[in-house]
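Report on one structure; see the data block that follows.
The values are calculated or read from the model by the stated rules, or taken from the named source; none is laboratory data. Worth saying up front: this structure is predicted, and the values here are computed from it rather than measured. In this analysis, Cβ positions are derived from the backbone assuming ideal geometry, glycine residues included, and neighbour counts consider all displayed protein chains.
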Amino acid sequence: MNEEIGPTLSTRWISDMEARRAAGRKGLAVLVDPDKIKAENDLDWMRGAGFNAVHTVLLGGSLVTEGSMDNVAAWIRERTDRPIVLFPGAPSQLTAEADALLFLSVISGRNPEALIGKQVEAAPRVRALGLDAVSCGYMLIDGGRTTTAHYMSGSLPIPGDKPDIAATTALAGHYLGQQCMYLDTGSGADHPVSKEMIAAVHNTVPCPLIAGGGMKTPDDVMDAWAAGADLAVVGTAIEHDPEFLRAFASEAERQG
């Protein structure tokens, strides 16, 4: 590899995810929206009981207008050794403070800007920052209401009762070389991705599968795991209830 180019594919976070999938080990990710973090102590819940159940911290949002990616990433780093993985909604949401980047392509839609346009814009900066980029097939799923992710992507979500469409879309993404798949109903969705859809995608593609959006209880996370998600993502539930992680850790321990 030309050393001036730097890393173009992840060799760390995604390798760990692939190994965990092969071993049947499941993970929980917390999604941090920089716009919701006004000061360092807004992240003190990361030092609380239950946070040891977290595998990954995702950082980003569909619309970041005020939050500082650099500052929030640094504050997260002070509180945990968990990997920080960028989950950007725009090329401006990049920081060298992260461990990896989900290089997203919205394969569920037909908006060329979300498929490849913004990615071309972001690529030189990703290289300049030396970010560990993970190609990710991102699929928006109908979760019962229009979310910011749906609106900002300028694309229609896949109907929630059409697991075959999601599975076929994921297969196309896999053949295009994407390293992981992300099924997302969006932050604040009425309900999460169905177990049937998660299972359909899990059974169709061999790469790590992430599922997020609309997970309000520990059981929602465990249902996603049981259906085949390798990483379940929770964000809004923690914003609304700082005790969510404690309850999740207790329930996970109870169920073994």
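When the residues of segment 239-256 are filtered to those that are among the small types (Gly, Ala, Ser) and surrounded by fewer than 16 Cβ atoms within 10 Å (Cβ to Cβ), which remaining residue is modelled with the lowest pLDDT? Result: 256. Scanning segment 34-54 for residues that are part of a loop (DSSP other than H, G, I, E, B) and touching a helix residue (DSSP H, G or I) at 6+ places or on another chain (Cβ under 8 Å) gives 37, 48, 49, 50, 54.
Consider segment 8-48 and keep the residues that are more than 18 Å from residue 179 (Cβ to Cβ) and of a type in the set (Asp, Glu). The one that is surrounded by the most Cβ atoms within 10 Å (Cβ to Cβ) is 33. Pairing residues of segment 201-229 that are without any contact (Cβ under 8 Å) to a residue 24 or more places away in the chain and buried (at least 24 other Cβ atoms within 10 Å of the Cβ) with residues that are assigned to a strand (DSSP E or B) and not charged (D, E, K, R), at Cβ distances under 9 Å and at least 6 apart in sequence or on separate chains, gives 215/232; 215/233; 215/234. Residues of segment 20-45 that are modelled with pLDDT of 95 or more and under 18 Å from the mean Cα position of the chain (by Cα): 20, 21, 25, 26, 27, 28, 29, 30, 31, 32.
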